[in-house]
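Student: Pasting a structure here, questions to come.
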Amino acid sequence: MQKVSQLYEGKAKKVWVTEDPELLIVDYKDDATAGNGAKKGTIHDKGIINNRVTNHLMKLLEKEGVPTHLVEEISDRETIVKKVTIVPLEVIVRNIAAGSLAKRLGLEEGTPLHKTVLEYCYKDDALGDPMVNEYHIMAMEWCTKEELDLIAKYALKVNEVLSAYLKDLNIELIDFKLEFGKLSDGTIVLADEISPDTCRFWDSVTKEKLDKDRFRRDMGGEEDAYKEVMKRLLGE
Ligand code: TMP
């Protein structure tokens, strides 16, 4: 499979068209941004780690009945994926209060939530990805009610599968962000990535942050944290 032309360059990935109209190649970069692009930097080898971690977790999710866009990893940084039309939502799942939820509700980070929280944000950088609810999504026709119900069901399943899997690796899944897309036949699949860029991972014992919060909050040690996640998940 060859790259034909660049379709798109995002903050963390480039996407290439291939000879097959149904397939794309995703190319993960080391570039890191935070605060909607306000902070820019690089995290050495992040692209390699996010490519490999995402594919590892998507394979696990496929086995557990969550359809994904994954086709085949072709190099350290590149993966063939099915072409989708992205549903313009960031689907956020939370188990423990952190980040913007902790701020919004005045909770101390690390406060357990009595029930899993599902949030939707409208994917629009110019608007700062505002939070929306089911009514906004229906009113704007970003997807149908049936599609949203399926997206919510898949998001909660991802949470169940990944929380249990990561627990055995001494990683607590605090929260994460997913994106879903539609194949040309209308099937909803999990797309984008699942990585330390898009999840909060805390060491179960020390509560040390093993994710992009280290970069967002200028804590340092982000390269080692990403490497540690890859080591625990892939053994290398
Ligand atoms: P938040 O607490 O900042 O709202 O983030 C919740 C989770 O979603 C956290 O794991 C980081 C992830 N996330 C992204 O992957 N991309 C984003 O643009 C935002 C805002 C959050």
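No value in this document is a laboratory result; all are computed from the given coordinates. This structure is a prediction, so every number in the text was calculated from the model and none was measured. When we count neighbours, we look across all protein chains shown, and the Cβ atoms used for this are built from the backbone with ideal geometry, even at glycine.
Student: Rank these for me by crowding, Leu60, Leu127, going from fewest to most other beta carbons within 10 Å. Spell out each step's value before the answer.
Tutor: Values: Leu60 17, Leu127 10.
Least crowded to most crowded, the residues run Leu127, Leu60.
Student: Which of the peptides 157-163, 72-78 is most tightly packed, and how do the rest follow, judged by the mean count of other Cβ atoms within 10 Å per residue? Could you put the intermediate results ahead of the total?
Tutor: Values: 157-163: 18.0, 72-78: 15.1.
The most tightly packed comes first, giving 157-163, 72-78.
Student: Would you list Tyr154, Tyr165, Tyr135 from fewest to most Cβ contacts within 10 Å?
Tutor: Working: Tyr154 21, Tyr165 17, Tyr135 8.
By the 10 Å Cβ count, ascending, the order reads Tyr135, Tyr165, Tyr154.
Student: For Cα pairs less than 8 Å apart in space and 6+ apart in sequence, what is the mean separation divided by the residue count of the stretch 3-157, i.e. the relative contact order in percent? Could the numbers behind the result be given before it?
Tutor: Details: 226 pairs, mean separation 22.2, N = 155.
About 14 percent, as a whole number.
Student: A follow-up question, please. Only four residue types carry charge here, +1 at the Cβ of Lys and Arg and -1 at the Cβ of Asp and Glu. Report the dipole size of the stretch 104-190 about the Cα centre in Debye, rounded to the nearest 20. List each step's numbers first, then the result.
Tutor: Working: 9 positive and 17 negative charges, 39 e Å.
The calculation lands at about 180 debye.
Student: Which number comes out as Rg/Rh for the chain once both Rg and the Kirkwood Rh are worked out on C-alpha atoms? Could you put the intermediate results ahead of the total?
Tutor: Values: Rg = 17.1 Å, Rh = 18.3 Å.
Ratio of gyration radius to Kirkwood radius: 0.94.
Student: Report, as a whole number in µm² per second, the diffusion coefficient that Stokes-Einstein gives for the stretch 31-73 at 37 °C and 0.692 mPa s using the Kirkwood radius over alpha carbon pairs. Walk me through the numbers on the way to the answer.
Tutor: Working: Rh = 12.1 Å.
My calculation gives 272 µm²/s for D.
Student: Let me ask you something else. Roughly how big is the stretch 1-135's charge dipole about its Cα centre, with Cβ charges of +1 (Lys, Arg) and -1 (Asp, Glu), in debye to the nearest 20? Display every interim value, and only then the final one.
Tutor: Numbers: 19 positive and 22 negative charges, 63 e Å.
Dipole about the Cα centre, nearest 20: 300 debye.
Student: Then there is this: Report ³J(HN,Hα) in whole Hz for each residue of the stretch 154-169, in order, from the Karplus equation J = 6.51 cos²θ - 1.76 cosθ + 1.60 where θ = phi - 60°; Gly and Pro get x.
Tutor: Running phi through 6.51 cos²θ - 1.76 cosθ + 1.60 with θ = phi - 60° gives 5, 4, 5, 5, 4, 4, 4, 5, 6, 4, 5, 4, 6, 4, 5, 9 Hz.
Student: Can you compute the helix-only [θ] at 222 nm over the chain? Use -39500 (n - 2.57) per DSSP H run of at least 4 residues, normalise by all residues, nearest 500 deg cm²/dmol. Kindly include the intermediate steps, with their values, before the conclusion.
Tutor: Working: 6 runs with 71 residues, N = 236.
It lands at -9500 deg cm²/dmol.
Student: Sticking with this structure for a sec: Out of Val71, Val87, Gly99, whose Cα points farthest toward the positive end of the dipole of the stretch 71-160 (charges: +1 Lys, Arg; -1 Asp, Glu; placed on Cβ)?
Tutor: Gly99
Student: Order 100-111, 26-37, 172-183 from most to least packed using the mean count of other Cβ atoms within 10 Å.
Tutor: The packing order, highest mean first, is 172-183, 26-37, 100-111.
Student: How large is the charge dipole for the chain, taken about the Cα centre, if only the Cβ atoms of Lys, Arg (+1) and Asp, Glu (-1) carry charge, to the nearest 20 debye? Mind dumping the intermediate values first?
Tutor: Working: 35 positive and 45 negative charges, 90 e Å.
With only Lys, Arg, Asp and Glu charged at Cβ, the dipole is about 440 debye.
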